[in-house]
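A short reminder: the numbers here are calculations on the coordinates, not readings from a lab. From a predicted model like this one, the values you see are computed outputs, not experimental measurements. We place every Cβ from the backbone using ideal geometry, glycine too, and count neighbours over all the protein chains shown.
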Amino acid sequence: MIEKTRTIVIATIAFLGVLCITSGIIMPKVIKLEEPKRIVKLKITQKRVAKAKTNEIKLKDMESEINTPISVKIEDYLVYDLDSKILKSLKLDTSSVNVTQAGSYTYTITYKKKTYNGTYVIKEKPLPTINNMTLKSLKLTKGATLSTDIATYIVEAIPEEAKIGIKIDLSGVNVNAAGTYQYTISYNGKFYTGNIEIYEPQITLPPQTTTPKEENKVTPEEPKKEEQKPEESTPLTP
């Protein structure tokens, strides 16, 4: 009996020892799992890559709006970055580019007697939006001069920046012949039509005033003057 009790006590102690050891191993892991996760922020910086210098000269296709000054920097016209020594030897010529008129022009860059050509486009500025225009019906005398002022033909007030885009066609109007003619105005792809009447003014003569005919009047004869006889002189007696 004592031996059996002893065996039970030893087994119990052994079990508790194993339990303590197991708890020591498991508990740190449990605690570790319960710890909040740390969020690590990574800052990514973009590495600047320097453009490689080259000796190849290649020109850009340039463009700008009408009446806008163009660049005089040679670097703005080159596709690639050139060595500073080469850059100083380049000569830019934009003299053929007309900034006051829309169109496509050619500019040149010269290097060591070799000329490179580029394209420069001058674009029209965007025109203001005009939803509608009302044209006037005009009446002019024969032989009159047709006006070129836009305000003569359009009822509405037109912004100054829009006037450059308005085109007047008066080719169908004959001011030397009486009649009614059509004229057209175009703006931003839209066309408008108006009428001009040419008339010949009637000449009105002033009323003529008639004077009664004068009757034949008899002019009375003037009385004849009597001839005066010379007085006789009385001789003096000595």
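Quick one: net charge around T110, please, counting Lys, Arg +1 and Asp, Glu -1 for every other residue with C-beta under 14 Å from its C-beta. The partial results should precede the final answer.
Details: positive: K88, K91, K112, K113, K114; negative: D93.
That works out to +4.
A crude spin-label estimate for the pair T141 and L205, with each label 7 Å from Cα along the Cβ direction, gives 2.0 nm. When DSSP beta bridges are restricted to pairs lying wholly in the range 62-123, around 75% turn out antiparallel.
Please give the net charge around N132, taking every other residue with its beta carbon less than 11 angstrom from that of N132, where Lys and Arg add +1 and Asp and Glu add -1. Summing Lys/Arg as +1 and Asp/Glu as -1 gives 0. What does the charge count around E197 come to, taking other residues whose C-beta lies under 15 Å from its C-beta (Lys +1, Arg +1, Asp -1, Glu -1)? Taking every other residue near E197 into account, the sum is +2. Projecting label points 7 angstrom from Cα along Cα→Cβ for E124 and Y192 puts them 1.7 nm apart.
Can you give me the relative contact order of the range 138-199 as a percent, contacts being Cα pairs under 8 Å and 6 or more apart? Write down the numbers at each step before the final one.
Details: 94 pairs, mean separation 23.7, N = 62.
Rounded, it is 38 percent for the range 138-199.
Rounded to the nearest 20 debye, the dipole magnitude of the range 138-199 is 200 debye, with +1 charges on Lys and Arg beta carbons, -1 on Asp and Glu beta carbons, and the Cα centre as origin.
The gain in end-to-end length when the I70 to N98 segment is fully stretched comes to 9.1 nm, 0.36 nm per residue minus the alpha carbon separation. Taking other C-beta atoms within 10 angstrom as a stand-in for reagent exposure, V72, V173, V121, V99 fall in the order V72, V121, V99, V173, fewest first.
Tell me, I164, I185, I70 in order of fewest to most beta-carbon neighbours within 10 Å?
Working: I164 11, I185 19, I70 16.
So the ranking, lowest neighbour count to highest, is I164, I70, I185.
Keeping to pairs on different chains or 8 or more places apart, tell me how many lysine pairs in the range 62-123 have Cα atoms under 26 Å apart. Total qualifying Lys-Lys pairs in the range 62-123 comes to 17.
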